[in-house]
Amino acid sequence: GAGVSQTPSNKVTEKGKYVELRCDPISGHTALYWYRQSLGQGPEFLIYFQGTGAADDSGLPNDRFFAVRPEGSVSTLKIQRTERGDSAVYLCASSLRGYGYEQYFGPGTRLTVT
Amino acid sequence: TQLLEQSPQFLSIQEGENLTVYCNSSSVFSSLQWYRQEPGEGPVLLVTVVTGGEVKKLKRLTFQFGDARKDSSLHITAAQTGDTGLYLCAAKSGGSYIPTFGRGTSLIVHP
């Protein structure tokens, strides 16, 4: 079956602009995670959804970052007033349930802020 | 915040060689996972270990969880070019559902 998909695969934007990154999880997976991976680093947790609600958003770095999952499936990560330091690969993962279930990662969106 | 230290950071070897990479911390973990990530892809889970002293084998890969559940190792026997990639360890502590990732070991296997 289809895995986790993310669009766009690459996004180049200018400093100060607004961007939206989309994640389509595996069908039927109730848990969805967003991570950020900077060059030479491992993935860093941003936010975790269980269904439609954000169960844990403690990893969001500041209020420029926001994510939604209105119907409990597709999720959108939104970044306002982008900064050069936001440049990274943004990874999405989904799992059948939450705790204890294997996470399946998408290929990521590479965001470059110029 | 728990910190996972992975070593070595980079490893370049010839096909057929053996290698071991390490994941260490001062914290005790409830579970630890190893992932492999190829360029342009997300991490793919290789194994989960939960019991201190546990050893798991996946073909030519052997994973060990330390007795005190603070460290882990991954040993690859007779490396192949297809083993090239970034090897990440990730661990959870207590009842947390959020794994913390190490920085990874970047492995290149030359033909």
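At-a-glance table
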{"quantity": "Unique match (being at the interface with another protein chain (Cβ under 10 Å from one of its Cβ atoms) and not hydroxyl-bearing (Ser, Thr, Tyr)) among A:LEU60, A:LEU111, A:LEU91", "calculated": "A:LEU91"}
{"quantity": "The listed residue being within 30 Å of A:SER9 (Cα to Cα) and among the hydrophobic types (A, V, I, L, M, F, W, C), out of B:LEU86, B:LEU74", "calculated": "B:LEU86"}
{"quantity": "Residue match in segment A:19-32 (condition: assigned to a loop (DSSP other than H, G, I, E, B), among the polar types (S, T, N, Q) and either without any contact (Cβ under 8 Å) to a residue 24 or more places away in the chain or surrounded by fewer than 18 Cβ atoms within 10 Å (Cβ to Cβ) (or both))", "calculated": "yes"}
{"quantity": "Count of residues meeting criterion [over 22 Å from B:GLY53 (Cα atoms), part of a loop (DSSP other than H, G, I, E, B) and away from every other protein chain (no Cβ under 14 Å)] in segment B:1-33", "calculated": "3"}
{"quantity": "Single residue of segment B:43-63 satisfying the filter (within 12 Å of the chain's Cα centre (by Cα) and over 14 Å from B:SER31 (Cβ atoms)) that is surrounded by the most Cβ atoms within 10 Å (Cβ to Cβ)", "calculated": "B:PRO43"}
{"quantity": "Close pairs from segment B:66-95: first away from every other protein chain (no Cβ under 14 Å), partner surrounded by 20 or more Cβ atoms within 10 Å (Cβ to Cβ) and polar (S, T, N, Q), Cβ under 9 Å, at least 6 apart", "calculated": "B:GLY66/B:SER72; B:LYS70/B:SER25; B:ASP71/B:SER25; B:LEU74/B:THR105"}
{"quantity": "Subset tally (residues that are in contact with a Lys or Arg (Cβ under 8 Å, 6 or more places away or on another chain), outside any strand (DSSP E or B) and of a type in the set (Ser, Thr, Tyr)) for segment B:66-111", "calculated": "1"}
{"quantity": "Single condition A:ARG84 does not satisfy, out of (1) surrounded by fewer than 14 Cβ atoms within 10 Å (Cβ to Cβ); (2) at pLDDT 95 or above; (3) within 13 Å of chain B (Cβ to nearest Cβ)", "calculated": "(3)"}
{"quantity": "Unmet requirement for B:ALA90, which otherwise passes all of (1) exposed (fewer than 14 other Cβ atoms within 10 Å of the Cβ); (2) out of contact with any helix residue (DSSP H, G or I) (no Cβ under 6 Å at 6 or more places or on another chain)", "calculated": "(1)"}
{"quantity": "For A:LEU46: the one exception among (1) within 14 Å of another protein chain (Cβ to nearest Cβ); (2) under 19 Å from B:GLY40 (Cα atoms)", "calculated": "(2)"}
{"quantity": "Flag if A:PHE65 is crowded, with 18+ Cβ neighbours inside 10 Å, modelled with pLDDT of 95 or more and within 13 Å of chain B (Cβ to nearest Cβ)", "calculated": "no"}
{"quantity": "Residue ID - nearest to A:SER95 (Cα to Cα), chosen from residues in segment A:33-59 that are part of a strand (DSSP E or B) and among the polar types (S, T, N, Q)", "calculated": "A:GLN50"}
{"quantity": "A:LYS11 touching a helix residue (DSSP H, G or I) at 6+ places or on another chain (Cβ under 8 Å), modelled with pLDDT of 95 or more and either among the basic types (Lys, Arg) or not in a loop (DSSP other than H, G, I, E, B) (or both)", "calculated": "no"}
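The values are calculated or read from the model by the stated rules, or taken from the named source; none is laboratory data. All values derive from a computational prediction rather than experimental measurement. Neighbour counts run over all protein chains shown; Cβ positions are idealised from the backbone, glycine included.
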